[in-house]
1. Answer yes or no as to whether residue 194 is touching a helix residue (DSSP H, G or I) at 6+ places or on another chain (Cβ under 8 Å), part of a loop (DSSP other than H, G, I, E, B) and either surrounded by 11 or more Cβ atoms within 10 Å (Cβ to Cβ) or at pLDDT below 90 (or both).
2. Test each condition in (1) in a loop (DSSP other than H, G, I, E, B); (2) closer than 17 Å to residue 115 by Cα for residue 130 and report the one that comes out false.
3. Starting from residues that are surrounded by 15 or more Cβ atoms within 10 Å (Cβ to Cβ) and modelled with pLDDT under 95, keep the ones in the range 99-125 and report whichever is nearest to ligand 1 (Cβ to nearest atom).
4. Could you list, in sequence order, the residues of the range 38-74 that are touching a residue at least 24 places away in the same chain (Cβ under 8 Å), within 13 Å of ligand 1 (Cβ to nearest atom) and at positive phi?
5. Could you grab me the full set of residues in the range 71-98 that are surrounded by 18 or more Cβ atoms within 10 Å (Cβ to Cβ) and in contact with a helix residue (DSSP H, G or I) (Cβ under 6 Å, 6 or more places away or on another chain)?
6. Of everything in the range 122-146, what is within 13 Å of ligand 2 (Cβ to nearest atom), in contact with a strand residue (DSSP E or B) (Cβ under 8 Å, 6 or more places away or on another chain) and closer than 24 Å to residue 44 by Cβ? Give them in sequence order.
7. Given the condition under 30 Å from residue 120 (Cα atoms), part of a helix (DSSP H, G or I) and within 13 Å of ligand 2 (Cβ to nearest atom), answer yes or no: does some residue in the range 51-70 qualify?
8. Scanning the range 147-158 for residues that are within 16 Å of ligand 2 (Cβ to nearest atom) and part of a loop (DSSP other than H, G, I, E, B), which turns out surrounded by the fewest Cβ atoms within 10 Å (Cβ to Cβ)?
Ligand code: SF4
Ligand code: SF4
């Protein structure tokens, strides 16, 4: 009771009015609440946002990764594990996953460790590794946050074939690396006579 009496006139009357004034003004402001995850398109990420990684392909579907491990060495968080293996040109075309000598047989990124800094994509000599705008990298168990090669590989676009298969060369090897390759006729995909 003594406390009530000791409050000044301003504290007793004006302060509550000022408080409700803030509430009243805010009622008419534009709502900034985002209805995530129902309305994700309201605020898209910046074009160069560092999200989930992607292992890219050449226009014929072969993988750009050569299993060199430079990305793993560049990673400050030790989040990448790579095991390379040699491509072989078997008669049935079953030994080639990338155009060069080697390919990434095992490729893992541990998103429990990754800080999405992008140093790995700077280190990659073939632009095999880039980052997408995908940011939903949460899960309810640790194992599913270790992404395997199959989780990271870019989807097959029209004209691409699922490796292994031989290189679909253009006029020469330079044409292949410039992307000027000869797409196989759909019926010939993975069949005898591949070059
Ligand atoms: S983005 Fe950074 S932390 Fe993540 S895998 Fe690449 S180098 Fe490592
Ligand atoms: S992603 Fe790039 S740096 Fe990493 S192993 Fe493959 S080619 Fe080498």
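1. Values: touching a helix residue (DSSP H, G or I) at 6+ places or on another chain (Cβ under 8 Å): yes; part of a loop (DSSP other than H, G, I, E, B): yes; either surrounded by 11 or more Cβ atoms within 10 Å (Cβ to Cβ) or at pLDDT below 90 (or both): yes.
Here the answer is yes, as residue 194 does meet what is asked.
2. Result: residue 130 fails condition (1) only.
3. Filtering first and then ranking leaves 100.
4. none
5. If the condition is that a residue be surrounded by 18 or more Cβ atoms within 10 Å (Cβ to Cβ) and in contact with a helix residue (DSSP H, G or I) (Cβ under 6 Å, 6 or more places away or on another chain), then 71, 75, 80, 82 are the ones that fit.
6. Correct list: 129, 130, 131.
7. Applying the first criterion (under 30 Å from residue 120 (Cα atoms)) to the range 51-70 yields 51-70.
Then keep just the ones that are part of a helix (DSSP H, G or I); that gives 70.
Subsequent filtering for residues that are within 13 Å of ligand 2 (Cβ to nearest atom) retains 70.
Yes - at least one qualifying residue is present in the range 51-70.
8. Applying the first criterion (within 16 Å of ligand 2 (Cβ to nearest atom)) to the range 147-158 yields 147-154.
Those still in the list that are part of a loop (DSSP other than H, G, I, E, B) too: 148, 154.
Numbers: 148: 11, 154: 16.
Ranking the qualifying residues of the range 147-158, first place goes to 148.
The values are calculated or read from the model by the stated rules, or taken from the named source; none is laboratory data. Note that the structure is a prediction, hence the values are computed from the model and not measured. Reconstructed Cβ throughout: ideal geometry from the backbone, glycine too, with neighbour counts over all protein chains shown.
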